[in-house]
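Asker: The structure is given below, and queries will be raised subsequently.
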Amino acid sequence: IAPIRSQIFSYLVKGGQAPVKLFWGLPRKDSLYLYDEFRALANEHPNFYLSISLDQETNFVGLDVEDFKRGRIDQTFSDFIKENKVSPTELNNSEYYLCGAQEIVESLKGFLLDLGINKENVFFDKF
């Protein structure tokens, strides 16, 4: 998350006004770090949306239901699109920055392309 974190913080701290949405996928809550920083950033910047997907977590007690979702990040993103009635045009007026293990990045890239998002809008950092 480090490459994306620095981009988000830099953009928002410099006064960026366009919406920024962070969909972050982790296996369990014990894998989570930097949450307080991201939550504080969301509190300070109404144009920043935070969603954390936990696909192996069984205990959501004490977690903020606004920020934490059960499941994989692709499902969380699909749910967001449906709930917010995001149009294909809106999807393609955004840039998508992916980071993570190679197989995860490749899977998410394919998922976004299957949604009809132009490949020119998808950037990634595999590690």
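Asker: Restricting to the range 5-58, name every residue that is within 21 Å of Leu112 (Cα to Cα) and in a helix (DSSP H, G or I).
Answerer: Arg5, Gln7, Ile8
Asker: Exposed (fewer than 14 other Cβ atoms within 10 Å of the Cβ), in contact (Cβ under 8 Å) with a residue 60 or more places away in the chain and over 13 Å from the mean Cα position of the chain (by Cα) - does that describe any residue in the range 72-85?
Answerer: No, the range 72-85 contains no residue that is exposed (fewer than 14 other Cβ atoms within 10 Å of the Cβ), in contact (Cβ under 8 Å) with a residue 60 or more places away in the chain and over 13 Å from the mean Cα position of the chain (by Cα).
Asker: Show the residue pairs meeting these rules: Cβ distance below 7 Å; 6+ apart or different chains; first residue within the range 93-105 and polar (S, T, N, Q); second residue open to solvent by less than 30 Å² (accessible area, probe 1.4 Å).
Answerer: Close Cβ pairs satisfying both conditions: Ser94/Asn121.
Asker: Further question: Looking at the range 37-64, I want the residues that are under 16 Å from Gln7 (Cα atoms) and without any contact (Cβ under 8 Å) to a residue 40 or more places away in the chain and have a partner that is surrounded by 11 or more Cβ atoms within 10 Å (Cβ to Cβ) and hydroxyl-bearing (Ser, Thr, Tyr) with Cβ atoms under 9 Å, at least 6 apart or on another chain. Which pairs are those?
Answerer: These pairs meet every condition: Ala42/Tyr49; Leu50/Tyr35.
Asker: Just the residues that are open to solvent by 70 Å² or more (accessible area, probe 1.4 Å) and of a type in the set (Ser, Thr, Tyr), please, taken from the range 1-33.
Answerer: Tyr11, Tyr33
The values are calculated or read from the model by the stated rules, or taken from the named source; none is laboratory data. Quick caveat, the model's predicted, so the values are computed rather than measured. Note that each Cβ is placed from the backbone with ideal geometry, even for glycine, and that neighbours are counted across all protein chains shown. These accessible areas exclude ligands, DNA and RNA; they are computed on the full protein's heavy atoms, side chains included. Shrake-Rupley method; radii C 1.70, N 1.55, O 1.52, S 1.80 Å.
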